[in-house]
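The block underneath contains the structure these notes are about, expressed in structure tokens.
What follows is calculated from the coordinates using simple rules that are stated; it is not laboratory data. In this text, all values refer to a predicted model and were calculated from it rather than measured experimentally. We place every Cβ from the backbone using ideal geometry, glycine too, and count neighbours over all the protein chains shown.
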Amino acid sequence: MDVRRTVPVALDVDSDDAVLLEDTVNTFLWSAQYVVDHAFKGEYVTTSKTTLDDETYDEVREKTDGFNGGLVQAARNKAAEACKSVVARWKNGKKASKPTFTSPHVVYDKRTATFHDEYVSLATTDGRIEADYVLPDEDSDTPHSEYLFSDEYETTGAELHYRDGSWVLHIHCKKEGESDTSEKATPENGTVLGVDLGVNNLAVASTGTFWTGDEFDHWRQEYEKRRGSLQQCGTHWAHENIQAVGRKEEGRFKLMLYRISNELVAEARENECTVIAFEDLTDIRERTGASWGHKWAFDRLYEYVEYKAAEHGIKVEQVDPENTSRRCSHCGFTHPDNRDGEGFECLKCEYENHADYNAAKNIGLRYLRRRQNAGDGGVPLGVRLNSGMMNVNGGYSPAATEARTGVHAESHDCSRG
């Protein structure tokens, strides 16, 4: 199984090249939007990359004065994937509208970008530009040294992003997997780690480990206060400092989420889990009342867990979140009144526990049932709890030590800030 990583690298771009990159971003987004608009013209939405390429490639190049062919194809791919996502949501009975592209970015591959040790060469609307990497100290233990400059990893492409006056290249790296035999063999004896995401607790695992949102909320409010104070000044100096505050905020949160992802994967490994199951993140803001900042954090955390887990042959999946917060993981009874804030008490069997912990177990069970219904012979045996394992029917099996002593303590065990 291949292992993939994405490493963000800041670029040192001079003013003339910045103008070219901004023009390239605008042209790339326009091209992707043109393809989407074309895909939605007919009776059915066109999602085939080949069809969209045949029907739009020449037109896009003509209307953009010969925009780089590789970037035109990258924009087409971006548009096709967005259209596929909309059609998939429709098939699942969910609402979705025609995609629009507003986030300033460009997708590069090996044809349109050349990656060197200290700089990158990027195609633009007018030839190529070269931009130096802004890198941390060579001795520091960072993703740059671990992946970008590792002989084990191959650079496959990148996405260029522009935010708050800064250019950042998200470089994609890949390491070829040695063998997939372990991936095929382990699920028969493995277990699932269910993970619930939320506002008060960023993550809760079915093993009973909590990662609270206190630190995240504290710093989010702190940075908001700093921005508010600077906005009242209204000076150019204040504007530049607002951008600096934004960069510090994002950097702090990424480190925090990276740490939590490492701990989540470690939790899965310690409990011999072969799958980490999350709820589908698509509509999580609507379900949880989360802010945009929390949604960003959930997405980043999932991405970090996904690529970290791949190193150890652990799958990361998303499941339908419907009623996971209202369903009793003990007897299966589902009712809105089962949950009251952070407390959960089943109206039928009177099972009581923390609501997020109950939801984490239900997420794990949802994955088990999905695999069982798929007729997969390699379905994991159960959902890992802090004191044993729960099977697909909700039955509980204590850990080996508890089976000998007769101890059964099925409650959440610890929290992490």
- line: Ranked from fewest to most other Cβ atoms within 10 Å of their own Cβ, Cys83, Cys331 fall in the order Cys331, Cys83
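If packing is taken as the average number of other Cβ atoms within 10 Å across a peptide's residues, how do 73-81, 99-107, 44-52, 361-369 rank, most packed first? If you can, show how the numbers build up before the last one.
On the way: 73-81: 21.8, 99-107: 16.6, 44-52: 14.8, 361-369: 26.4.
Top to bottom by mean Cβ count within 10 Å: 361-369, 73-81, 99-107, 44-52.
Relative contact order, percent, of segment 3-175 when contacts are C-alpha pairs under 8 Å separated by at least 6 residues?
Values: 265 pairs, mean separation 58.5, N = 173.
Relative contact order of segment 3-175: 34 percent.
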query: If each of Lys63 and Val87 carries a label point 7 Å out from its Cα toward its Cβ, how far apart are those two points in nm?
result: 2.1
- request: Using a/c under 1.5 as the rounded threshold, could you call segment 272-368 rounded, prolate or oblate? The axes a ≥ b ≥ c are square roots of the C-alpha gyration tensor eigenvalues, and prolate needs a/b larger than b/c, oblate otherwise.
  value: oblate
statement: With Arg326 itself left out, Lys, Arg at +1 and Asp, Glu at -1 over residues whose Cβ is under 10 Å from its Cβ give 0
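Quick one: which of 260-273, 198-211, 154-167 comes out on top by average Cβ neighbours within 10 Å, and what's the full order, highest first? Can you show the working numbers first?
Details: 260-273: 19.1, 198-211: 24.1, 154-167: 17.1.
Final packing ranking: 198-211, 260-273, 154-167.
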